[in-house]
Structures are given as structure tokens and as C-alpha cells.
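In what follows, a single structure is set out as C-alpha cells and then discussed.
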Amino acid sequence: QVQVVESGGGLVQAGGSLRLSCAASGSIFSFSSMAWYRQTPGKQRELVATITSGGSTNYADSAKGRFTISRDNAKNMVYLQMNSLKPEDTAVYYCNTGVRVGRTFVPSDNWGQGTQVTVSS
């Protein structure tokens, strides 16, 4: 199993940038697809971006052109660079491992604590 700890959230003004980090443990990390999700109160968790073990990426429409997911397998780290942030990006952000089944990314049950991102207008 892959365990994760997210960090890097904070308060930023609209138009600003943040870089989220996800420290992952587990010997299978380098073979695992990873993803960033976000969740706001009262809403379902939303998939933001995914990255395969080989580095192929996929983004939600809301993230395309502004967010970049990356990974460093040597350090067991996953990152989410977020630029041109908007107030609607405000959420708790989580990373997780998972598998793609058809067009659906299915996350594991091992969620971390997440990191809060707040974008002020």
C-alpha cells in the first residue's frame, strides 16, 4: 500500500501560485499511478489531475492550462503546481494512488489528511 502526506497549502490571492507536495511511502510507489483530488464542504471529492508511473498526465477541465502534476520517483514525491489560482480553487487537496479502469480513475481507500488551499478574491 502507498501512504501519503500532503503539504504546501495556504492562503493566496487570486492570480497567485502554490505548489502542493505529496510524500508517499511504500515500495510500489514508482509503479503506481498517482492523483490529486480536491473537496469543498458539501461536495463530492473531485479529481484534479493524474499521473502514471511513466509520467503521462491527465487533467480535469478546470485544471487544464493552469495546473501541472509531476512526480519524482527517486524521492517518492508527487507535486501539483497551481498557477493563476481562482477563488473557486479553494478546497482541501488530497493526493492518492489508484488505478484507471476504462475512463475512470479509481482511488485507493488510503486517504491522507489533505492540505487546505484558500484563494482570496
Checklist line | Loop trypsin sites (Lys or Arg not before Pro), the range 70-121 (other Cβ atoms within 10 Å of the site Cβ: 14 or fewer; DSSP) | finding: 75, 103
Check: Counting only protein heavy atoms and using a 1.4 Å probe, what share of the accessible area of the chain belongs to carbon plus sulfur, as a whole percent?
Finding: 49
Next item on the list: Express as a percent, rounded to the nearest 5, the fraction of DSSP beta bridges in the chain (both residues included) that run antiparallel.
Entry: 90
Checklist line | lysines whose Cα lies under 25 Å from that of residue 86, excluding same-chain neighbours fewer than 8 positions away | finding: 43, 64
Next item on the list: Compute the separation of the alpha-carbon centres of the range 95-121 and the range 1-64 and state it in Å as a whole number.
Entry: 6
Note to self: Quick check for you: with a 1.4 Å probe and neighbouring chains kept, what is the accessible area per residue of the range 25-97, in Å²?
What the structure shows: 48
Check: Among 118, 104, what's the order by accessible area (1.4 angstrom probe), most exposed first?
Finding: 104, 118
Note to self: Please list 3J(HN,Hα) in residue order for the range 114-120, calculated via the Karplus relation 6.51 cos²θ - 1.76 cosθ + 1.60 where θ = phi - 60°; whole Hz, with x for glycine and proline.
What the structure shows: x, 9, 7, 10, 10, 10, 8
Check: For the chain, what is the charge dipole size about the Cα centre, in debye to the nearest 20, if Lys and Arg each add +1 at the Cβ and Asp and Glu each add -1 at the Cβ?
Finding: 180
Notebook entry, point to check: Residue by residue through the range 87-95, which ³J(HN,Hα) values in whole Hz follow from phi under the Karplus form 6.51 cos²θ - 1.76 cosθ + 1.60 (θ = phi - 60°), with glycine and proline marked x?
Noted result: x, 6, 7, 4, 4, 8, 9, 10, 10
Check: Can you pull the accessible area of residue 36 for me, 1.4 Å probe, Å² to the nearest 10?
Finding: 0
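The values are calculated or read from the model by the stated rules, or taken from the named source; none is laboratory data. Please read these numbers as outputs of a predicted model, since none were measured by experiment. Please note: Cβ atoms are built from the backbone with ideal geometry, for glycine as well, and neighbour counts cover all protein chains shown. Note: areas computed on protein heavy atoms with side chains; ligands, DNA, RNA excluded. Shrake-Rupley method; radii C 1.70, N 1.55, O 1.52, S 1.80 Å.
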